[in-house]
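Notes follow once the structure below has been shown.
The values are calculated or read from the model by the stated rules, or taken from the named source; none is laboratory data. Quick caveat, the model's predicted, so the values are computed rather than measured. With ideal geometry, Cβ positions are generated from the backbone for all residues, glycine too; neighbour counts draw on all protein chains shown.
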(Lines give C-alpha, C1' and ligand atoms only; values in the text may rest on other atoms or scores of the structure.)
Protein backbone atom coordinates (compact mmCIF):
# COMPACT_ATOMS: atom_id res chain seq x y z
CA UNK A 1 0.00 0.00 0.00
CA UNK A 2 1.34 3.43 -0.98
CA UNK A 3 1.91 6.04 1.69
CA UNK A 4 -0.65 8.85 1.54
CA UNK A 5 0.17 12.57 1.58
CA UNK A 6 -2.46 15.30 1.84
CA UNK A 7 -1.59 18.53 -0.03
CA UNK A 8 -3.67 21.56 1.03
CA UNK A 9 -3.27 24.70 -1.15
CA UNK A 10 -5.78 27.02 -2.76
CA UNK A 11 -3.61 27.32 -5.92
CA UNK A 12 -4.32 24.46 -8.31
CA UNK A 13 -0.99 24.83 -10.12
CA UNK A 14 0.93 24.40 -6.81
CA UNK A 15 -1.11 21.30 -5.91
CA UNK A 16 -0.57 19.79 -9.37
CA UNK A 17 3.16 20.50 -9.27
CA UNK A 18 3.61 18.91 -5.81
CA UNK A 19 1.35 15.99 -6.75
CA UNK A 20 3.53 15.17 -9.80
CA UNK A 21 6.72 15.35 -7.72
CA UNK A 22 5.32 13.14 -4.96
CA UNK A 23 3.67 10.66 -7.35
CA UNK A 24 7.02 10.09 -9.10
CA UNK A 25 8.42 9.13 -5.69
CA UNK A 26 5.75 6.50 -5.16
CA UNK A 27 3.29 8.38 -2.92
CA UNK A 28 -0.48 8.54 -3.24
CA UNK A 29 -1.44 12.22 -3.18
CA UNK A 30 -4.74 13.63 -1.90
CA UNK A 31 -5.49 17.26 -2.88
CA UNK A 32 -7.60 19.88 -1.10
CA UNK A 33 -8.12 23.41 -2.42
CA UNK A 34 -9.92 24.82 0.62
CA UNK A 35 -10.03 24.38 4.37
CA UNK A 36 -13.49 22.80 4.14
CA UNK A 37 -12.28 20.24 1.61
CA UNK A 38 -9.12 19.70 3.69
CA UNK A 39 -11.09 19.00 6.88
CA UNK A 40 -13.34 16.53 5.03
CA UNK A 41 -10.38 14.62 3.55
CA UNK A 42 -8.45 14.73 6.79
CA UNK A 43 -11.34 13.35 8.84
CA UNK A 44 -11.75 10.52 6.33
CA UNK A 45 -8.07 9.60 5.86
CA UNK A 46 -6.22 10.73 8.97
CA UNK A 47 -5.40 7.23 10.21
CA UNK A 48 -3.71 6.49 6.85
CA UNK A 49 -1.85 9.77 6.31
CA UNK A 50 1.94 9.84 6.42
CA UNK A 51 2.29 13.59 5.88
CA UNK A 52 0.30 16.80 5.41
CA UNK A 53 1.62 19.71 3.29
CA UNK A 54 -0.32 22.83 4.28
CA UNK A 55 -0.37 26.32 2.79
CA UNK A 56 -0.76 28.94 5.51
CA UNK A 57 -2.68 31.31 3.22
CA UNK A 58 -5.76 29.55 1.87
CA UNK A 59 -7.40 32.71 0.48
CA UNK A 60 -9.96 35.14 1.78
CA UNK A 61 -12.94 33.82 3.68
CA UNK A 62 -11.30 30.47 4.41
CA UNK A 63 -10.09 28.93 7.58
CA UNK A 64 -6.68 30.31 8.47
CA UNK A 65 -3.78 27.91 7.99
CA UNK A 66 -2.61 28.18 11.61
CA UNK A 67 -6.08 27.26 12.83
CA UNK A 68 -6.18 24.27 10.50
CA UNK A 69 -2.72 23.25 11.69
CA UNK A 70 -3.92 23.37 15.29
CA UNK A 71 -6.88 21.12 14.45
CA UNK A 72 -4.65 18.59 12.66
CA UNK A 73 -2.14 18.41 15.53
CA UNK A 74 -4.93 18.09 18.11
CA UNK A 75 -6.67 15.26 16.30
CA UNK A 76 -3.62 13.43 14.89
CA UNK A 77 -0.44 14.56 16.67
CA UNK A 78 1.54 11.71 15.08
CA UNK A 79 1.06 13.09 11.52
CA UNK A 80 3.87 15.52 10.55
CA UNK A 81 2.92 18.77 8.82
CA UNK A 82 5.09 20.78 6.39
CA UNK A 83 4.03 24.41 6.06
CA UNK A 84 4.11 26.24 2.70
CA UNK A 85 4.68 29.99 2.87
CA UNK A 86 4.93 32.89 0.46
CA UNK A 87 7.59 35.55 0.75
CA UNK A 88 7.10 37.83 3.71
CA UNK A 89 5.30 35.27 5.82
CA UNK A 90 8.36 33.81 7.54
CA UNK A 91 7.37 35.11 11.02
CA UNK A 92 4.05 33.31 10.62
CA UNK A 93 5.90 30.14 9.62
CA UNK A 94 7.94 30.38 12.83
CA UNK A 95 4.67 30.54 14.74
CA UNK A 96 3.59 27.43 12.88
CA UNK A 97 6.75 25.59 13.99
CA UNK A 98 5.98 26.52 17.57
CA UNK A 99 2.45 25.22 17.04
CA UNK A 100 3.73 21.79 16.02
CA UNK A 101 4.71 21.96 12.33
CA UNK A 102 7.67 19.76 11.42
CA UNK A 103 9.14 22.18 8.82
CA UNK A 104 8.27 25.05 6.51
CA UNK A 105 9.08 25.72 2.83
CA UNK A 106 8.99 28.88 0.75
CA UNK A 107 7.11 28.79 -2.54
CA UNK A 108 9.99 29.56 -4.85
CA UNK A 109 11.78 28.05 -7.84
CA UNK A 110 13.59 25.56 -5.60
CA UNK A 111 10.52 24.18 -3.83
CA UNK A 112 11.02 20.67 -5.28
CA UNK A 113 14.56 20.41 -3.90
CA UNK A 114 13.51 21.90 -0.58
CA UNK A 115 10.57 19.50 -0.35
CA UNK A 116 12.82 16.50 -0.99
CA UNK A 117 15.26 17.60 1.72
CA UNK A 118 12.44 18.35 4.14
CA UNK A 119 10.82 14.95 3.60
CA UNK A 120 14.14 13.17 4.17
CA UNK A 121 14.54 15.09 7.41
CA UNK A 122 11.00 14.21 8.46
CA UNK A 123 11.55 10.55 7.57
CA UNK A 124 14.58 10.47 9.85
CA UNK A 125 12.55 12.17 12.57
CA UNK A 126 9.69 9.69 12.15
CA UNK A 127 12.13 6.78 12.35
CA UNK A 128 13.31 8.10 15.71
CA UNK A 129 9.71 8.59 16.83
CA UNK A 130 8.82 5.01 15.78
CA UNK A 131 11.85 3.64 17.59
CA UNK A 132 10.87 5.58 20.71
CA UNK A 133 7.33 4.20 20.44
CA UNK A 134 8.71 0.69 20.08
CA UNK A 135 10.97 1.15 23.11
CA UNK A 136 8.12 2.65 25.14
CA UNK A 137 5.91 -0.30 24.21
CA UNK A 138 8.71 -2.67 25.24
CA UNK A 139 9.15 -0.84 28.55
CA UNK A 140 5.38 -0.96 29.15
CA UNK A 141 5.42 -4.68 28.34
CA UNK A 142 8.17 -5.36 30.86
CA UNK A 143 6.44 -3.23 33.48
CA UNK A 144 3.30 -5.32 33.02
CA UNK A 145 5.37 -8.52 33.00
CA UNK A 146 7.15 -7.37 36.16
CA UNK A 147 3.86 -6.63 37.92
CA UNK A 148 2.37 -10.01 36.89
CA UNK A 149 5.48 -11.98 37.77
CA UNK A 150 5.84 -10.36 41.17
CA UNK A 151 2.15 -10.09 41.98
CA UNK A 152 1.41 -10.39 45.69
CA UNK A 153 -1.65 -12.57 46.35
CA UNK A 154 -3.26 -13.05 49.76
CA UNK A 155 -6.06 -11.78 51.96
CA UNK A 156 -5.11 -12.94 55.45
CA UNK A 157 -4.55 -10.37 58.17
CA UNK A 158 -0.92 -11.48 58.63
CA UNK A 159 -0.20 -11.16 54.93
CA UNK A 160 -1.77 -7.70 54.78
CA UNK A 161 0.36 -6.63 57.75
CA UNK A 162 3.48 -7.69 55.84
CA UNK A 163 2.38 -5.68 52.78
CA UNK A 164 1.67 -2.63 54.95
CA UNK A 165 5.14 -2.88 56.48
CA UNK A 166 6.66 -3.26 53.00
CA UNK A 167 4.89 -0.14 51.72
CA UNK A 168 6.17 1.82 54.71
CA UNK A 169 9.72 0.61 54.13
CA UNK A 170 9.54 1.34 50.39
CA UNK A 171 9.60 5.09 50.97
CA UNK A 172 12.78 4.95 53.09
CA UNK A 173 16.06 4.79 51.11
CA UNK A 174 17.75 2.36 53.48
CA UNK A 175 18.59 -1.38 53.37
CA UNK A 176 15.92 -3.89 54.30
CA UNK A 177 16.18 -7.50 55.46
CA UNK A 178 13.48 -10.04 54.62
CA UNK A 179 13.40 -13.26 56.67
CA UNK A 180 11.28 -16.33 56.18
CA UNK A 181 11.27 -20.01 55.31
CA UNK A 182 12.11 -21.20 51.82
CA UNK A 183 9.34 -20.66 49.31
CA UNK A 184 7.47 -17.98 51.27
CA UNK A 185 7.95 -15.35 48.54
CA UNK A 186 10.85 -13.26 49.81
CA UNK A 187 11.95 -12.25 46.30
CA UNK A 188 8.37 -11.30 45.41
CA UNK A 189 8.20 -9.09 48.48
CA UNK A 190 11.53 -7.45 47.59
CA UNK A 191 10.18 -6.71 44.11
CA UNK A 192 6.99 -5.34 45.66
CA UNK A 193 9.05 -2.95 47.81
CA UNK A 194 10.99 -1.86 44.72
CA UNK A 195 7.81 -1.25 42.75
CA UNK A 196 6.24 0.74 45.60
CA UNK A 197 9.33 2.96 45.97
CA UNK A 198 10.41 6.00 43.94
CA UNK A 199 12.96 3.69 42.28
CA UNK A 200 10.27 1.76 40.40
CA UNK A 201 11.49 3.12 37.03
CA UNK A 202 14.99 1.84 37.79
CA UNK A 203 16.34 -1.72 37.49
CA UNK A 204 15.59 -4.56 39.89
CA UNK A 205 18.67 -6.81 39.93
CA UNK A 206 18.77 -10.10 41.82
CA UNK A 207 21.78 -12.04 43.07
CA UNK A 208 21.62 -15.53 44.58
CA UNK A 209 24.59 -15.42 46.93
CA UNK A 210 24.44 -19.19 47.44
CA UNK A 211 24.78 -19.89 43.70
CA UNK A 212 27.99 -17.90 43.08
CA UNK A 213 31.31 -19.40 44.11
CA UNK A 214 33.47 -17.25 46.43
CA UNK A 215 36.15 -16.88 43.74
CA UNK A 216 33.66 -15.35 41.28
CA UNK A 217 31.66 -13.30 43.75
CA UNK A 218 33.80 -10.15 43.61
CA UNK A 219 33.84 -9.93 39.79
CA UNK A 220 30.10 -10.67 39.66
CA UNK A 221 29.27 -7.96 42.16
CA UNK A 222 31.77 -5.27 41.16
CA UNK A 223 32.66 -6.20 37.57
CA UNK A 224 36.15 -6.32 36.13
CA UNK A 225 38.48 -4.54 33.72
CA UNK A 226 39.94 -5.99 30.54
CA UNK A 227 42.69 -8.48 31.32
CA UNK A 228 41.62 -9.00 34.93
CA UNK A 229 41.42 -12.76 34.36
CA UNK A 230 41.79 -15.37 31.65
CA UNK A 231 39.29 -14.70 28.90
CA UNK A 232 38.52 -11.15 30.07
CA UNK A 233 38.79 -9.55 26.63
CA UNK A 234 36.79 -6.50 27.66
CA UNK A 235 35.35 -4.63 30.62
CA UNK A 236 32.33 -6.09 32.39
CA UNK A 237 29.77 -4.36 34.57
CA UNK A 238 29.00 -5.87 37.95
CA UNK A 239 25.62 -6.21 39.62
CA UNK A 240 26.06 -2.96 41.56
CA UNK A 241 26.50 -0.99 38.33
CA UNK A 242 23.55 -2.79 36.73
CA UNK A 243 21.39 -1.79 39.70
CA UNK A 244 22.40 1.88 39.65
CA UNK A 245 19.30 3.99 40.23
CA UNK A 246 17.32 0.94 41.33
CA UNK A 247 17.38 -1.97 43.75
CA UNK A 248 19.86 -4.81 44.29
CA UNK A 249 18.31 -7.91 45.87
CA UNK A 250 20.78 -10.16 47.72
CA UNK A 251 19.08 -13.52 48.14
CA UNK A 252 20.46 -16.07 50.61
CA UNK A 253 22.75 -13.38 51.97
CA UNK A 254 23.80 -15.60 54.89
CA UNK A 255 25.80 -17.68 52.37
CA UNK A 256 28.08 -14.77 51.54
CA UNK A 257 31.72 -15.45 52.60
CA UNK A 258 32.79 -13.68 55.78
CA UNK A 259 35.67 -11.72 54.21
CA UNK A 260 33.46 -10.53 51.34
CA UNK A 261 30.82 -9.23 53.76
CA UNK A 262 33.23 -6.46 54.78
CA UNK A 263 33.62 -5.35 51.14
CA UNK A 264 29.87 -5.30 50.55
CA UNK A 265 29.36 -3.42 53.82
CA UNK A 266 31.72 -0.68 52.61
CA UNK A 267 29.87 -0.34 49.29
CA UNK A 268 26.52 -0.14 51.10
CA UNK A 269 27.92 2.59 53.34
CA UNK A 270 29.69 4.73 50.73
CA UNK A 271 28.04 3.71 47.44
CA UNK A 272 31.39 3.52 45.66
CA UNK A 273 33.81 0.76 44.63
CA UNK A 274 36.43 -0.25 42.05
CA UNK A 275 36.14 -3.05 39.54
CA UNK A 276 38.50 -6.00 39.80
CA UNK A 277 41.88 -4.78 38.47
CA UNK A 278 40.34 -1.35 38.03
CA UNK A 279 41.73 1.98 39.27
CA UNK A 280 38.72 4.21 38.67
CA UNK A 281 36.24 4.68 41.53
CA UNK A 282 32.67 4.06 40.41
CA UNK A 283 29.85 5.77 42.27
CA UNK A 284 26.34 4.32 42.29
CA UNK A 285 22.95 4.91 43.85
CA UNK A 286 21.67 1.47 44.87
CA UNK A 287 19.12 0.41 47.42
CA UNK A 288 19.91 -2.97 49.04
CA UNK A 289 17.27 -5.54 49.99
CA UNK A 290 18.59 -8.80 51.44
CA UNK A 291 16.82 -12.04 52.24
CA UNK A 292 17.58 -15.25 54.11
CA UNK A 293 15.88 -18.34 55.51
CA UNK A 294 18.69 -18.88 58.03
CA UNK A 295 18.67 -18.30 61.78
CA UNK A 296 20.85 -15.18 61.75
CA UNK A 297 21.39 -15.04 65.50
CA UNK A 298 22.69 -18.60 65.39
CA UNK A 299 25.11 -18.02 62.50
CA UNK A 300 26.36 -14.82 64.13
CA UNK A 301 27.15 -16.84 67.24
CA UNK A 302 28.95 -19.33 65.02
CA UNK A 303 31.00 -16.48 63.57
CA UNK A 304 29.96 -16.86 59.92
CA UNK A 305 28.01 -13.60 59.77
CA UNK A 306 29.47 -10.24 60.74
CA UNK A 307 27.45 -8.37 63.35
CA UNK A 308 28.09 -4.98 61.67
CA UNK A 309 27.00 -6.41 58.31
CA UNK A 310 23.78 -7.67 59.86
CA UNK A 311 23.16 -4.36 61.65
CA UNK A 312 23.53 -2.44 58.37
CA UNK A 313 21.18 -4.73 56.46
CA UNK A 314 18.57 -4.84 59.22
CA UNK A 315 17.61 -1.17 59.19
CA UNK A 316 14.16 -2.72 58.90
CA UNK A 317 13.38 -6.43 59.12
CA UNK A 318 10.28 -8.00 57.60
CA UNK A 319 9.36 -11.56 58.54
CA UNK A 320 7.21 -13.38 55.98
CA UNK A 321 4.99 -15.93 57.79
CA UNK A 322 4.89 -19.50 56.45
CA UNK A 323 1.84 -20.59 54.49
CA UNK A 324 0.64 -22.99 57.21
CA UNK A 325 0.12 -19.97 59.49
CA UNK A 326 -2.13 -18.18 56.97
CA UNK A 327 -4.47 -20.80 55.47
CA UNK A 328 -6.88 -18.05 54.33
CA UNK A 329 -4.37 -17.27 51.55
CA UNK A 330 -4.48 -20.76 50.04
CA UNK A 331 -7.68 -20.34 48.02
CA UNK A 332 -6.73 -17.00 46.36
CA UNK A 333 -3.26 -18.39 45.64
CA UNK A 334 -4.73 -21.53 44.08
CA UNK A 335 -7.02 -19.47 41.84
CA UNK A 336 -4.13 -17.22 40.82
CA UNK A 337 -1.81 -20.13 39.96
CA UNK A 338 -4.51 -21.86 37.93
CA UNK A 339 -5.14 -18.73 35.89
CA UNK A 340 -1.42 -18.23 35.25
CA UNK A 341 -0.67 -21.80 34.12
CA UNK A 342 -3.62 -21.73 31.71
CA UNK A 343 -2.24 -18.52 30.17
CA UNK A 344 1.24 -20.00 29.95
CA UNK A 345 0.54 -23.46 28.52
CA UNK A 346 -1.21 -23.57 25.16
CA UNK A 347 -4.24 -25.83 25.07
CA UNK A 348 -4.97 -25.96 28.80
CA UNK A 349 -8.55 -25.19 29.73
CA UNK A 350 -9.59 -23.17 32.82
CA UNK A 351 -10.45 -25.35 35.81
CA UNK A 352 -11.93 -25.06 39.27
CA UNK A 353 -11.12 -26.78 42.55
CA UNK A 354 -13.64 -28.90 44.43
CA UNK A 355 -14.35 -28.21 48.09
CA UNK A 356 -12.79 -31.55 49.01
CA UNK A 357 -9.59 -30.70 47.13
CA UNK A 358 -9.45 -27.27 48.78
CA UNK A 359 -9.91 -28.89 52.19
CA UNK A 360 -7.01 -31.22 51.41
CA UNK A 361 -4.83 -28.25 50.48
CA UNK A 362 -5.74 -26.39 53.67
CA UNK A 363 -4.97 -29.38 55.89
CA UNK A 364 -1.46 -29.86 54.47
CA UNK A 365 1.42 -28.20 56.39
CA UNK A 366 3.26 -26.91 53.27
CA UNK A 367 6.92 -27.31 54.26
CA UNK A 368 7.79 -25.77 50.88
CA UNK A 369 5.29 -22.93 51.38
CA UNK A 370 3.91 -20.96 48.41
CA UNK A 371 6.44 -22.40 45.97
CA UNK A 372 5.33 -25.95 46.82
CA UNK A 373 1.66 -24.94 46.48
CA UNK A 374 2.37 -23.44 43.05
CA UNK A 375 4.04 -26.64 41.85
CA UNK A 376 1.21 -28.81 43.20
CA UNK A 377 -1.47 -26.73 41.46
CA UNK A 378 0.40 -26.56 38.16
CA UNK A 379 0.84 -30.35 38.14
CA UNK A 380 -2.83 -30.88 38.96
CA UNK A 381 -4.03 -28.54 36.20
CA UNK A 382 -1.66 -30.07 33.63
CA UNK A 383 -2.34 -33.73 34.40
CA UNK A 384 -6.05 -33.78 35.25
CA UNK A 385 -8.45 -34.42 32.37
CA UNK A 386 -11.43 -33.22 34.43
CA UNK A 387 -12.89 -29.73 34.54
CA UNK A 388 -12.60 -29.76 38.33
CA UNK A 389 -9.50 -30.51 40.37
CA UNK A 390 -10.28 -33.34 42.81
CA UNK A 391 -8.30 -34.44 45.88
CA UNK A 392 -6.78 -37.37 43.98
CA UNK A 393 -5.45 -34.96 41.33
CA UNK A 394 -3.25 -33.19 43.86
CA UNK A 395 0.08 -34.76 44.69
CA UNK A 396 1.54 -33.65 48.01
CA UNK A 397 5.00 -34.65 49.18
CA UNK A 398 5.16 -37.12 52.06
CA UNK A 399 5.91 -35.52 55.44
CA UNK A 400 9.51 -34.96 56.49
CA UNK A 401 10.30 -36.91 59.66
CA UNK A 402 11.23 -34.67 62.55
CA UNK A 403 9.89 -31.48 60.96
CA UNK A 404 7.36 -29.85 63.33
CA UNK A 405 5.33 -28.40 60.49
CA UNK A 406 4.54 -31.90 59.19
CA UNK A 407 2.85 -33.06 62.39
CA UNK A 408 -0.80 -33.89 61.89
CA UNK A 409 -0.39 -34.74 58.21
CA UNK A 410 -3.35 -37.08 57.81
CA UNK A 411 -3.83 -40.51 56.30
CA UNK A 412 -3.18 -44.09 57.32
CA UNK A 413 -0.23 -46.18 56.16
CA UNK A 414 -1.91 -47.26 52.91
CA UNK A 415 -2.95 -43.70 51.99
CA UNK A 416 0.54 -42.36 52.64
CA UNK A 417 2.15 -45.11 50.55
CA UNK A 418 -0.25 -44.48 47.67
CA UNK A 419 0.44 -40.74 47.80
CA UNK A 420 4.14 -41.46 47.63
CA UNK A 421 3.71 -43.90 44.71
CA UNK A 422 1.56 -41.44 42.80
CA UNK A 423 4.15 -38.73 43.34
CA UNK A 424 6.90 -40.96 41.97
CA UNK A 425 4.87 -41.59 38.83
CA UNK A 426 4.11 -37.91 38.31
CA UNK A 427 7.74 -36.89 38.75
CA UNK A 428 8.91 -39.61 36.36
CA UNK A 429 6.36 -38.50 33.76
CA UNK A 430 7.56 -34.92 34.00
CA UNK A 431 11.22 -35.95 33.63
CA UNK A 432 10.33 -38.21 30.67
CA UNK A 433 8.30 -35.43 29.04
CA UNK A 434 5.14 -37.55 29.44
CA UNK A 435 6.53 -40.56 27.57
CA UNK A 436 5.22 -43.49 29.64
CA UNK A 437 7.80 -46.05 28.45
CA UNK A 438 10.66 -43.71 29.36
CA UNK A 439 9.00 -42.91 32.70
CA UNK A 440 8.75 -46.64 33.45
CA UNK A 441 12.45 -47.03 32.64
CA UNK A 442 13.33 -44.17 34.99
CA UNK A 443 11.47 -45.93 37.81
CA UNK A 444 12.98 -49.33 37.01
CA UNK A 445 9.61 -51.01 36.44
CA UNK A 446 8.11 -52.71 33.39
CA UNK A 447 5.80 -50.82 31.07
CA UNK A 448 2.89 -53.06 32.14
CA UNK A 449 3.57 -52.30 35.82
CA UNK A 450 3.71 -48.60 35.06
CA UNK A 451 0.43 -48.75 33.14
CA UNK A 452 -1.19 -50.57 36.08
CA UNK A 453 -0.28 -47.76 38.49
CA UNK A 454 -1.07 -45.13 35.85
CA UNK A 455 -4.64 -46.40 35.64
CA UNK A 456 -4.89 -47.02 39.38
CA UNK A 457 -4.12 -43.41 40.25
CA UNK A 458 -6.18 -41.97 37.39
CA UNK A 459 -3.24 -40.14 35.83
CA UNK A 460 -3.70 -38.53 32.45
CA UNK A 461 -1.73 -36.01 30.54
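Which one of these is more than 30 Å from residue 234 (Cα to Cα) and either part of a loop (DSSP other than H, G, I, E, B) or modelled with pLDDT under 95 (or both): 215, 144, 206?
Values: 215 fails: more than 30 Å from residue 234 (Cα to Cα); 206 fails: more than 30 Å from residue 234 (Cα to Cα).
Exactly one residue qualifies, and that residue is 144.
Looking at (1) at pLDDT below 85; (2) surrounded by 14 or more Cβ atoms within 10 Å (Cβ to Cβ); (3) farther than 30 Å from residue 188 by Cα, can you tell me which one residue 406 breaks?
(3)
Residue under question is residue 301, and the condition is that it be under 19 Å from residue 183 (Cβ atoms), at pLDDT below 95 and part of a helix (DSSP H, G or I); does it hold?
Details: under 19 Å from residue 183 (Cβ atoms): no; at pLDDT below 95: yes; part of a helix (DSSP H, G or I): yes.
No, not satisfied.
When segment 285-307 is examined, which residues are found to be under 20 Å from residue 244 (Cα atoms) and surrounded by fewer than 17 Cβ atoms within 10 Å (Cβ to Cβ)? Spell out the reasoning first.
Looking only at segment 285-307, we keep the residues that are under 20 Å from residue 244 (Cα atoms), and these are 285-291.
The answer is 285, and nothing else.
On the basis of being touching a helix residue (DSSP H, G or I) at 6+ places or on another chain (Cβ under 8 Å), at pLDDT 90 or above and outside the structural domain of residue 175 (by TED's automatic domain parsing), does residue 357 make the cut?
Yes; evaluated as a whole, the condition is true for this residue.
Check every one of the helices (runs of 4 or more DSSP H) wholly within segment 9-101 and list those with 1 or more residues that are modelled with pLDDT under 85 and closer than 19 Å to residue 113 by Cα. Write out each step before concluding.
Numbers: elements: 12-24, 35-45, 65-75, 90-98.
Counting at least 1 such residues, we get 12-24, 90-98.
Looking at the structure I just gave you, is residue 164 assigned by TED's automatic domain parsing to the domain that holds residue 249 and surrounded by fewer than 17 Cβ atoms within 10 Å (Cβ to Cβ)?
On the way: assigned by TED's automatic domain parsing to the domain that holds residue 249: yes; surrounded by fewer than 17 Cβ atoms within 10 Å (Cβ to Cβ): yes.
It is true that residue 164 is assigned by TED's automatic domain parsing to the domain that holds residue 249 and surrounded by fewer than 17 Cβ atoms within 10 Å (Cβ to Cβ).
For the structure I just gave you, tell me whether residue 311 is free of Cβ contacts under 8 Å to residues at least 24 places away in the same chain and in contact with a helix residue (DSSP H, G or I) (Cβ under 9 Å, 6 or more places away or on another chain). Steps first, please.
Values: free of Cβ contacts under 8 Å to residues at least 24 places away in the same chain: yes; in contact with a helix residue (DSSP H, G or I) (Cβ under 9 Å, 6 or more places away or on another chain): no.
Judged against the criteria, residue 311 is not a match.
Checking residue 310 against (1) surrounded by 17 or more Cβ atoms within 10 Å (Cβ to Cβ); (2) under 21 Å from residue 161 (Cβ atoms), which test does it fail?
The number of the failed condition is (2).
In segment 266-282, what residues are touching a helix residue (DSSP H, G or I) at 6+ places or on another chain (Cβ under 9 Å) and in a strand (DSSP E or B)?
Correct list: 272, 273, 274, 276, 282.
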